[in-house]
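Note sheet for the following structure.
We did not get these values from a lab; they are worked out from the coordinates using the rules stated. Predicted, not measured: the structure shown is a model, and the values here were computed from it. Here Cβ is always computed from backbone atoms with ideal geometry, including for glycine, and neighbour counts include all displayed protein chains.
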Amino acid sequence: MKKKDSALKVLEGIEQPNQVNNEFLKKYTKKKNLSIEDYVQGILNKDRTILSKAITLVESSLYEHQEKAQQIIERCLPYAGKSVRLGITGVPGVGKSTTIDVLGKNLTNSGHKVAVLAIDPSSQRSKGSILGDKTRMEELSTDQNAFIRPSPSAGSLGGVARKTREIIILCEAAGFDVVIVETVGVGQSETVAHSMVDFFLLLQLANAGDELQGIKRGIMEMADAISINKAEGENKQKAEIAAGQYRNALHLFPMSESGWTPPVFTSSAYSKEGIDKIWETVNDYVILTKSNGYFYKKRNEQNLKILSEAIDSHLKENFYTNPKVKERITKLQQDILDNKISAYVGAGLLIEDYFQNIKSSK
């Protein structure tokens, strides 16, 4: 007996499109695998997306990324060096980010292109960073003529990211004529930040206890200008008093090689007073130091310092990746912990193994 046809029938549906857009996939894949030429041309064409990706390569610790990044930097070098590099430091809470926001906006309004490298402190425990400086630069972060790049300090000496110098080169090649480096703000250890900028601005607070406690010879000698920030309202008079104390202190220091006398003034990022004075001072400094040759001399010294640091970094990496060192270092570490040998003797033995391994490999 034949079964009657069921009333329930499955009609053939319309063929469903692929959930993944193939055209988008092609574009995405192409962007992920950019060549050296793509990176360089993108940076020179002021493509911010490619600039950001190139900076990510620079910051990466992977060998293949570093190899690619160094080639990009080398290709960008002829187009770099034409900006004014401004370092801004001061204790946490002094108003660095807010000052940069107002200063940067003033600069973009007058036709400048501003790159801000905001260095965030990294946790010693988790190694993480908040990277929230953009949230404190509300106006500048939405400006088409500004580029803000927060980077973790990752425990680097001097409160600046390990690769900040290379990032400056990329930003300059991308057409930014003012590069501002905002440091973590750790006081006298900021010599690294000073060694990569043309002008070093120290922001200070008034009424934070004895003002003279803030006068530390190391950081004061590095400063090309000092601004007492948050000089508004009732705090304005106190800021002027503090500025006078700093001026008196600076008179005790010998004349700098640049021939420049660091000025001390007050400013308020909140009321936007005195911010124009910062850029006027930077301009005066650049004009003076270019006329007497110190500007170019300092840039040359910075390049030689990069060479020295690159050698140190390469030798350290080469040492710890040496097979003989890797084979013996764990046992020596345990011997040091067990007080069988001193750390100095252990270091000497490892260095001896390192050179022996190099000789035998020749």
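Full extension from L307 to Y320: what is 0.36 nm times the residue separation minus their Cα-Cα distance, to one decimal in nm? Numbers along the way, then the final one.
Working: separation 13, 0.36 × 13 = 4.68 nm, distance 2.03 nm.
Going from the current span to full extension adds 2.7 nm.
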| field | Rough spin-label spacing in nm, given labels placed 7 Å along Cα→Cβ, for Q334 and E64 | value | 3.5 nm
| message | Students often get this wrong, so check it: of K46/K105; K46/K277; K53/K163; K96/K277; K113/K163, which have C-alpha atoms separated by over 24 Å? | response | K46/K277
